[in-house]
1. Cross-link list Lys230/Lys330; Lys441/Lys513; Lys272/Lys387: which exceed 29 angstrom alpha carbon to alpha carbon?
2. Please give the net charge around Ile393, taking every other residue with its beta carbon less than 12 angstrom from that of Ile393, where Lys and Arg add +1 and Asp and Glu add -1.
3. Taking all protein chains together and a probe of 1.4 Å, list His308, His369 from the most accessible to the least accessible.
4. Around Glu436, what is the net charge, scoring Lys/Arg as +1 and Asp/Glu as -1 over all other residues with Cβ under 9 Å from its Cβ?
5. Mind grabbing the accessible area of Asp184 for me, 1.4 Å probe, Å², rounded to tens?
6. Apply the Karplus curve 6.51 cos²θ - 1.76 cosθ + 1.60, θ = phi - 60°, to the phi angles in the stretch 395-412 and return the couplings in whole Hz, x for Gly and Pro.
7. Testing the spin-label approximation: label points 7 Å from Cα along Cα→Cβ at Glu170 and Ala505. State their distance in nm.
8. Any idea of Arg494's accessible area? Nearest 10 Å², probe 1.4 Å.
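The values are calculated or read from the model by the stated rules, or taken from the named source; none is laboratory data. Predicted, not measured: the structure shown is a model, and the values here were computed from it. Methodologically, a virtual Cβ is constructed for each residue, glycine included, from the backbone with ideal geometry; neighbour enumeration extends over all protein chains shown. Remember, those area values only see protein heavy atoms, side chains included, never the ligands or the DNA or RNA. Shrake-Rupley method; radii C 1.70, N 1.55, O 1.52, S 1.80 Å.
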Amino acid sequence: MRAGMKPDNCFALVLQKGKTVAQDRTLQVDSVQRWMEDLRHMTEVECMCVLQAKPIGVDEDSHQGELIVTSGIGAGDHVARNNLQTLLRRALVVSTELGKMFQRLEKGRWQRVHSTAVRANCHVRSLVHEYSAARSTPPEMQKIFERFSCRCLHTDDEFFLKSMREAIHEILTDVSDSFSNMIDMALANEIRVLIKQIESSDCVQTIGSAISNLLSLTQDGPQLCSIIAKEGAVVALFKICRQDRFRDLYAHSLRTVASICCVEEGINQLDKVDGILCLADILTDESSVEAARAEAAAVVAQITSPHHTSTQHLASFLESMHDIVTALIKLCESASCGEVFLLASAALANITFFDSMACEILLQLNAIHILLQACKDRQRVDTPYSKDQVVTILANLSVLESCASEVLQEQGIERLLLLLGEKPSSSNPSEVAACERVQQKAAVTLARLSRDPDVAQTAIQLKAVPRLIELCRSPTERNNSDSVLVACLAALRRLAAGCPDSIEAADHHQLIKPRLVDSFLLCSNMEESFV
């Protein structure tokens, strides 16, 4: 419920009896409907405290005297989804109340501490009752709830509360941990139900619905992804991907696997079931639809991300690397849309970071030609994110001596200069950051390739020097990025080393002659002139 807004008592009772807002045909505005939906999970606590022993709505399996708050828990295929949504929403409410208790304890608002504790306890009671209406509550969860209630509902005596401040803080911390454990147990229980549906059902629709619910859960953060992985979801999903009768579910399953593998537990599970071999089979199977191969590429991109600290799984990846790299560059060449190209090129970009052999394989597969041609096709390379992947691959390939001649042959220097001028189309922070990466990596690639005299000469003829100087001197041209500035200074110095006459004396004195750090400080503190 929005701050400062409470339903009157009669309206709260209507909500508690299970009547939904959908029954009122006069309320059709989306924002109002959303507010009313939220109200079901923010029941007026004062009513709950007063009516706690009165059965407003009693199910057959409920004990007399327990409060039942309708939560939208349905039946059939939607039960699991509604249970999960209810758990997550109630958990958010209780977490908010616990946060308020910590704040009020710190500020010494003692009466508020007690009232908030009562309110939090009511919300937890409602959560457990709602969950029990659809599932048998695990004994461990019941024990945690009883402990929560016992410790949460303490005295409201202000003098006692002041004297026990440190002890209350410890109790609150313990209560918060207990509540987190209780929610994790409940979520794990629901996830097991979904995984069982995937493993035991032969119905494509039922399996697809369970996979959709898992995918939706992965969007709620890494903690849930860890629980999903620990419960065996990756194993179940790869079983689907190894059965021809479920080919229509490959793409959906792999998308979920990619989301789960944002955490180490997911990658470890993938490694245990030889998931990389399955990915290689799907990528190299010409009969696989493009969507399935694109999602397989997404999983490869996820597990090869430089952000992962564990690299144990990469040992098995190396065994299939040639086949995977070959399939990915073919996918880049045949991609029907920008999203497919982005997934395939992102996987290749990550692979080129951790093994130089991948770069050699790409050169043999004519990757420079394929990637530079793709840059001319707006249907495939249509965003700064795709260009970021392409220039990353080129930067990593440029460490090989044989790369320079191929880039020249494919007019790659012209493309790099165009990438140096990449501008965001909006103020979206992620797009601005992507443009900065494109500029930085284009400058790095140019600097590496300029070891070859022919490349340096071509770059100078194409007026690379004035563009690099502009990026160094104009903060707005480089989106105020220090990393772009450093890369441009390095590229400029590399070109100046081979062709000193290409740079004017004033620019040489400020950008080339000093130490790199001094030139950096000069340019980073430079105010742009608008005269």
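1. On the way: Lys230/Lys330 34 Å; Lys441/Lys513 24 Å; Lys272/Lys387 34 Å.
Beyond 29 Å between Cα atoms: Lys230/Lys330; Lys272/Lys387.
2. Values: positive: Lys387, Lys441; negative: Asp388.
Its environment carries a net charge of +1.
3. Working: His308 25, His369 60 Å².
Of His308, His369, the descending order of accessible area is His369, His308.
4. On the way: positive: Arg437, Arg478; negative: Glu422.
Here the count lands on +1.
5. Using a 1.4 Å probe on the heavy atoms, I get roughly 50 Å².
6. 5, 6, 6, 5, 6, 7, 4, 6, 6, 4, 5, 5, 5, 4, 4, 8, 6, x
7. Computed distance between label sites Glu170 and Ala505 equals 7.7 nm.
8. Solvent-accessible area, nearest 10 Å²: 100 Å².
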